[in-house]
Amino acid sequence: MFCKNCGKEMNDNQAICLSCGVKTGEGTSFCQNCGNPVAPGAEVCLSCGVAVKNAVNSQYLNGKDKITVALICFFLGGLGIHNFMLGETKKGIIKIVASLCVGLGGILALIDFIKILCDKYVVDQNALF
Ligand SMILES: [Zn+2]
Ligand SMILES: [Zn+2]
C-alpha cells in the first residue's frame, strides 16, 4: 500500500508513514492502492479504479454506520449487541456477564458509546473490553 498523504510506498503494518509522519490511511492526495496522485475530491483512483474518498471513515467501525452503532450501543450496549455487530464476540460476552453479575455492562457500554461518538472506538475482535 501507499501513503495517502505523500504517495510513498509503505508496509501494511506501519502505523504512520515514515516519509511524512502522517497516520496510515489519512490524507487524500494519493491512492493507497497504486500510489498515483488522485484529483482533489475524486471518489475513485483514475489509475486503478479503487475507491479513495473517505476510505478512513468507511473503515471506521468496520464500515458500519456510526449513528446506528452508537444508538444500539446506547440502548442495547449493556448486552454487548454493538460488540456482536462489530464481530467483537469476546467483548459482547464480557458485557453480558458483567451486566448479569455485577450490573457493570451498562458502564462499559457507556464508555464505548462515548468512544464511538468521538471517533475513538477501535474495533478489536480479540480484546475483552
Ligand atoms: Zn507519507
Ligand atoms: Zn490507484
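The values are calculated or read from the model by the stated rules, or taken from the named source; none is laboratory data. Since the structure is predicted, the reported quantities are computational estimates derived from the model, not experimental observations. Using ideal geometry, Cβ is built from the backbone for each residue, glycine included, and neighbour counts are taken over all protein chains shown. For the accessible areas, the whole protein counts, side chains as well, though only heavy atoms, and no ligand, DNA or RNA atoms are used. Shrake-Rupley method; radii C 1.70, N 1.55, O 1.52, S 1.80 Å.
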Restricting the first residue to segment 22-34 and requiring it to be without any contact (Cβ under 8 Å) to a residue 24 or more places away in the chain, which pairs with a second residue that is more than 14 Å from ligand 2 (Cβ to nearest atom) and in a loop (DSSP other than H, G, I, E, B) meet a Cβ separation below 8 Å and a spacing of at least six or different chains? Val22/Asn5; Val22/Cys6; Lys23/Ala15; Lys23/Cys17; Thr24/Met10; Thr24/Gln14; Thr24/Ala15; Thr24/Cys17
Members of segment 63-104 that are over 20 Å from Cys118 (Cβ atoms) and either in contact (Cβ under 8 Å) with a residue 40 or more places away in the chain or hydroxyl-bearing (Ser, Thr, Tyr) (or both): Thr89, Ser99
Gln14 meets each of (1) modelled with pLDDT under 90; (2) not in a loop (DSSP other than H, G, I, E, B) with one exception, condition (2)
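Can you find a residue that is in contact with a helix residue (DSSP H, G or I) (Cβ under 6 Å, 6 or more places away or on another chain) and not assigned by TED's automatic domain parsing to the domain that holds Gly7 anywhere in segment 52-59? Let's see the steps before the verdict.
Residues of segment 52-59 that are in contact with a helix residue (DSSP H, G or I) (Cβ under 6 Å, 6 or more places away or on another chain), as a first pass: none.
No, segment 52-59 contains no residue that is in contact with a helix residue (DSSP H, G or I) (Cβ under 6 Å, 6 or more places away or on another chain) and not assigned by TED's automatic domain parsing to the domain that holds Gly7.
Does segment 26-49 hold any residues that are within 11 Å of ligand 1 (Cβ to nearest atom) and assigned to a loop (DSSP other than H, G, I, E, B), and which are they? Outline the logic, then answer.
Here is the first cut: in segment 26-49, the residues within 11 Å of ligand 1 (Cβ to nearest atom) are 26-27, 29-30, 32, 35.
Matches in segment 26-49: Glu26, Gly27, Ser29, Gln32, Gly35.
Quick one: is Asn36 surrounded by 17 or more Cβ atoms within 10 Å (Cβ to Cβ), within 16 Å of ligand 2 (Cβ to nearest atom) and of a type outside the set (D, E, K, R)?
Values: surrounded by 17 or more Cβ atoms within 10 Å (Cβ to Cβ): no; within 16 Å of ligand 2 (Cβ to nearest atom): yes; of a type outside the set (D, E, K, R): yes.
No.
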If you check Gly7 against the conditions, is it touching a helix residue (DSSP H, G or I) at 6+ places or on another chain (Cβ under 6 Å), on the phi > 0 side of the Ramachandran plot and within 15 Å of ligand 1 (Cβ to nearest atom)? no
Do any helices (runs of 4 or more DSSP H) entirely within segment 50-129 hold 3 or more residues that are open to solvent by 80 Å² or more (accessible area, probe 1.4 Å), and if so, which? 66-76, 89-102, 105-117
